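Before any comments, here is the structure.
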Amino acid sequence: MSDTSSDLICVAAIGGAYGVHGDVRLKSFTTEVDALEDYAPLLTEDGAFEFTIDIIRAIKNGLAVRLSGIATKEQADALKGVKLFVPRDRLPEADDDEYYYTDLVGLEVRDTGGNILGSVKSVQNHGATDLLEVKPPNHSETVLVPFTMAVIPTVDIGAGRIIADPPEGLFG
C-alpha cells in the first residue's frame, strides 16, 4: 500500500462485538456518520486490513456495523480498540472553520499575549467536548485544554499556530 500514515485520517474506532454474528460496535469520528460507508474501504493504521462496511443501525454511543470478512463474535472482539482510517483524498475538504484532528497535532499553542504554552500532542473527546492535549515546553506532563471558541479563539493551520485563552491556573 502506498499510503503513509500521515496521508491517513482516523474516521472510526471499533468498540468490540455487537451480537453474535460478527457485527461490531463502531464509534464514528465523522460529522455525518452515514458517510463512513462512502469512504470505504476503511483501513487499519498499518494498512494490513481493509474493510467495506454496512451500517446496520445507530446504537448508544455509536453504530452497529457489519465489516467485510468478519463473521464471528470472536473475530469482532479481536478487533476491539482498532482504529480505522481512510486516505485524506477520499474525504471532503474541510471548511474554513473546520479541522481534521490530525491537522491540529503538532501545532504550536500560544496564549493571547504571545507566550508559548506548548504544542498539541493529541485531540481527545471523553464525552462532553473535544480537548486539546498540550505538551508544555520542558515538561513531561500534558495539559488538557477545552477545544471551544471561548478557550481557543484562533486556529491558524497555515501559520502552524493556535491562540488559546485558557482558564486561570490551567498552565500552572
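The values are calculated or read from the model by the stated rules, or taken from the named source; none is laboratory data. A quick note: this is a predicted structure, and the numbers were derived from the prediction, not measured. All Cβ positions, even for glycine, are placed from backbone atoms using ideal geometry, and neighbour counts span all protein chains on display. Just the protein is used for accessible areas: all its heavy atoms, side chains included, with ligands, DNA and RNA removed. Shrake-Rupley method; radii C 1.70, N 1.55, O 1.52, S 1.80 Å.
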Ranking 114, 128, 99 by how far each Cα lies towards the positive end of the charge dipole of the range 95-136 (+1 on Lys and Arg Cβ, -1 on Asp and Glu Cβ), the top one is 114
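What order do 145, 123 take when sorted by accessible area (1.4 Å probe), most exposed first? Don't skip to the answer; put the middle values down first.
Working: 145 5, 123 25 Å².
The residues order as 123, 145, largest area first.
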At a 1.4 Å probe radius, carbon and sulfur cover how many percent of the accessible area of the chain? 48 percent
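Arrange the peptides 39-50, 149-160 so that the one whose residues have, on average, the most other Cβ atoms within 10 Å appears first.
So the peptides 39-50, 149-160, ranked by packing, come out 39-50, 149-160.
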Tell me the accessible surface of residue 99 in square angstrom (1.4 angstrom probe, heavy atoms of protein chains only), to the nearest ten. 70 Å²
Calculate, for residue 44 and residue 111, the FRET efficiency according to 1/(1 + (r/R0)^6) with r their C-beta to C-beta distance and R0 41 Å; round to the nearest 0.05. 0.60
Net charge of Cβ neighbours under 10 Å - reference residue 122; Lys, Arg +1; Asp, Glu -1: +1
Can you bin every Cα-Cα distance in the range 72-145 into 10 Å intervals starting at zero and give me the percent of pairs per bin, rounded to whole numbers? 15, 34, 31, 16, 4, 1
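At a threshold of 8 angstrom on Cα-Cα distance, excluding pairs fewer than six apart, so keeping six or more, what relative contact order does the range 52-110 reach in percent?
Value for the range 52-110: 17 percent.
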Simple SL model, points at 7 angstrom along Cα→Cβ for residue 99 and residue 75; separation in nm is 3.9 nm
For residue 73, give me every one of the lysines with a C-alpha distance below 28 angstrom, ignoring sequence neighbours fewer than eight places off in its own chain. 27, 60, 83
With labels modelled as points extended 7 Å from the Cα through the Cβ direction, what inter-label distance (nm, one decimal) is found for residue 142 paired with residue 157? 2.0 nm
Please work out how much length the chain gains when fully extended from residue 10 to residue 129, using 0.36 nm per residue of separation minus the C-alpha to C-alpha distance, in nm with one decimal. 41.0 nm
What number comes out for the charge environment of residue 166, summing +1 per Lys or Arg and -1 per Asp or Glu over other residues with Cβ under 12 Å away? -2
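Count the net charge of all other residues whose Cβ sits under 14 Å from the Cβ of residue 146, scoring Lys and Arg as +1 and Asp and Glu as -1.
-4
Could you give the size of the charge dipole of the range 44-171 about its Cα centre, using +1 on the Cβ of each K and R and -1 on the Cβ of each D and E, expressed in debye and rounded to the nearest 20?
My answer is approximately 540 debye.
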With the contact rule set at Cα under 8 Å and sequence spacing of 6 or more, what percent relative contact order holds for the chain? 18 percent
Roughly how many Å² is the accessible area per residue of the range 118-172, as a whole number, for a 1.4 Å probe? 58 Å²
Specify which residue in the list 42, 16, 65 is farthest towards the positive end of the charge dipole of the chain, using unit charges on the beta carbon of Lys, Arg (+1) and Asp, Glu (-1), about the Cα centre. 16
Please report Rg over Rh for the chain, where both radii come from the alpha carbon positions and Rh follows the Kirkwood definition. 1.03
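First obtain the Kirkwood hydrodynamic radius of the range 1-82 from its Cα pairs, then insert it into the Stokes-Einstein equation at 25 °C and 0.890 mPa s, and state the resulting D in µm² per second as a whole number. Display every interim value, and only then the final one.
Working: Rh = 12.7 Å.
The estimated diffusion coefficient comes to 193 µm²/s.
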